[in-house]
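Asker: Once you've had a glance at the structure underneath, I'll fire off some questions.
All of the numbers you see were taken from the coordinates with simple rules; none came from a lab. Here the structure is a predicted model, which is why all the values come from computation and not from measurement. Neighbour counts run over all protein chains shown; Cβ positions are idealised from the backbone, glycine included.
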Amino acid sequence: MIETPQVKSARWGLWDVLITLGGALVLGVAAALLLGALAAPLAWQLLVGGLAPWVALAGWPLFITSVRGNGPRIDLSLNLSWRDAGWGVVGGGIALIAALVVAVITAAIFGEFTSAAGEVAAELAGLGNVWLLIAFGLMIAVGAPIAEELAFRGLFFAALRKHGVGPVLSIAITAVAFALFHLEPARIGVLLSIGLVLGIVRLRTGSLGAAMVAHGVVNAPAAVFLILGLPGVAP
């Protein structure tokens, strides 16, 4: 008879969310200041500066649930089946459409705008190195969905539910935090719409992996546009 591992009470919570998000911001600023002080090449400043926050965004949720909980697979629902992946693709398509609609409305009201990622890609394109653009595109399409979902639909969502917050309110809170975290006022509406759909995917499937897939679907077209040197087209 195979014994089922006993699930223990997780000893992590909202303070760890603060460590995750605050740590990401601190690491991003620290990396930018350090690389600038060292007069590092622009490509290093842009790429390493973008990667540094992921140490906290992805690293702390994985670490804290492993040492003070049952691990990310149980505590954060970090799993993925083919069914969940399918829902992730569908949800990502819906989120992408919602983001495009909101982007069009925002541009009509406030004028044309771009994203921080688009600005970075424009800087990298000016260096004339296609491999740097490809690396940055992979960061957007693969790395960012994993790191950001571990933080928002993973640790933050799970911490809210653990403290008795209802599912709808948990989706709303994490979506607002997700939008504000990017520090891009012009894109708050776009990011909020994406965050809401990603939260629904997370709740509907019970799988953080599905939310990662959906996030990847949202980011993939932007990554392609950026690699092709069309940052202004990215939602």
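Asker: At a 10 angstrom cut-off on C-beta neighbours, averaged per residue, how do the peptides 196-206, 177-187 rank from highest to lowest?
Answerer: Ranking the peptides 196-206, 177-187 by packing returns 196-206, 177-187.
Asker: Could you give the semi-axes, largest first, of the ellipsoid that matches segment 54-112, computed as the square roots of 5 times the alpha carbon gyration tensor eigenvalues and rounded to whole Å? Display every interim value, and only then the final one.
Answerer: Details: eigenvalues 232, 68, 9 Å².
Those come to 34, 18, 7 Å.
Asker: Can you give the relative contact order of the chain as a percent, counting alpha carbon pairs under 8 Å and 6+ residues apart?
Answerer: On the way: 318 pairs, mean separation 70.5, N = 235.
Relative contact order here is 30 percent.
Asker: Helix 14-37: angle to the longest alpha-carbon principal axis of the chain, degrees 0 to 90, nearest 10?
Answerer: 30 degrees
Asker: Here is a further query. With +1 on each Lys and Arg Cβ and -1 on each Asp and Glu Cβ, and nothing else charged, work out how big the dipole of the chain is about its Cα centre, in Debye to the nearest 20.
Answerer: Numbers: 11 positive and 10 negative charges, 144 e Å.
Value, rounded to 20: 680 debye.
Asker: If contacts are Cα pairs under 8 angstrom and at least 6 residues apart, what is the relative contact order of segment 4-53 in percent? Before the final figure, lay out each step's value.
Answerer: On the way: 21 pairs, mean separation 20.6, N = 50.
In percent, rounded to a whole number, it is 41.
Asker: If you keep only loop residues by DSSP, which chymotrypsin sites (Phe, Trp or Tyr not before Pro) in segment 57-123 have at most 13 other Cβ atoms within 10 Å of their Cβ? Before the final figure, lay out the partial values.
Answerer: Numbers: sites: F63, W82, W87, F110, F113; in loops: F113.
Here no loop site has a sparse enough neighbourhood.
Asker: Return one number: the angle in degrees, 0 to 90 and rounded to the nearest 10, between the long axis of the Cα atoms of helix 116-125 and the longest principal axis of the Cα atoms of the chain.
Answerer: Here the helix axis deviates by roughly 50 degrees.
Asker: Would you please name the GluC sites (Glu not before Pro) within segment 36-129 that are DSSP coil residues with at most 11 other C-beta atoms within 10 Å of their C-beta?
Answerer: Values: sites: E112, E119, E123; in loops: E112.
Listed in order of number, the matching sites are E112.
Asker: Provide the packing ranking of 21-30, 127-136, 141-150, i.e. peptides ordered by the mean count of other C-beta atoms within 10 Å per residue, highest first.
Answerer: Numbers: 21-30: 16.6, 127-136: 14.6, 141-150: 22.4.
My ranking of the peptides, most packed first, is 141-150, 21-30, 127-136.
Asker: Follow-up. Tell me the Rg and the Dmax, in Å, that the Cα atoms of the chain produce.
Answerer: When restricted to Cα atoms, the chain yields Rg and Dmax of 18.1, 65 Å.
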